[in-house]
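Here's the structure, in structure tokens; my notes come after.
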Amino acid sequence: MVAISEGLATHGYAVVADYFDARMCQRLQHEALALPTDAAAVDAGIGRAEGHTHAADIRRARIRWLDSSTSAQVEFLAAAELLRLALNRNLFLGLLGFEAHLALTPVGGFYARHIDSFAGRRNRIVSVVAYLNDAWQAADGGCLRIWPPSGTDHPPDHPTRINLASFDVRPESATLVLMLSETVPHQVLSSLRPRASIAGWFSARS
């Protein structure tokens, strides 16, 4: 956890392979793959409250908010709570709340470049992404492209370089990605197979 906290503090992000339990990820992947026919799932939108809208030219995915309704969700939320406590202990971030949803990006789905904190509101502090995809290949697309804040250097073992301004993370099962929600732009590249993940956010309020 110290290395994760240092990466977040120094670079604005941290990427850790095989962070989550593989069996939990498999169970959550099954839940995500069922989202197209899940009555509780919705098409993903952008914005919040009165500003929330669906924009297929910006984001294409199906989501369902985690509500502890399955044992796999309970296990994931417990892991997220341990992560929150560790980040607070190491970085004094004052993180209080956590929200997260399952997401299934369809073939051809994507999410244009964005940041996760809503304009004018310091509501999301640290973004959390957990990937749930078995045997993901480079040819499958669907990578997360990250633009680190200017002035930071990539660590020597970071994922594949694209250019000096960005790099890609393949959405392989059990991978954890943390990003500072207010300062790290990112996007989901077009996927050539259904892509399962969990997106979550630690906030400074419960």
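Bear in mind these aren't lab numbers, they're just calculated from the coordinates by the rules spelled out. Nothing here was measured: the structure is a model prediction, and the numbers come from that model. Glycine gets a Cβ as well: all are built from the backbone with ideal geometry, and neighbour counts include every protein chain shown.
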Next item on the list: Sort 101-109, 62-70 for me by packing, meaning the mean count of neighbouring Cβ atoms within 10 Å per residue, highest on top.
Entry: 101-109, 62-70
Notebook entry, point to check: How much FRET efficiency would the formula 1/(1 + (r/R0)^6) give for Ala112 and Ala9, where r is the Cβ-Cβ distance and R0 is 41 Å, rounded to 0.05?
Noted result: 0.90
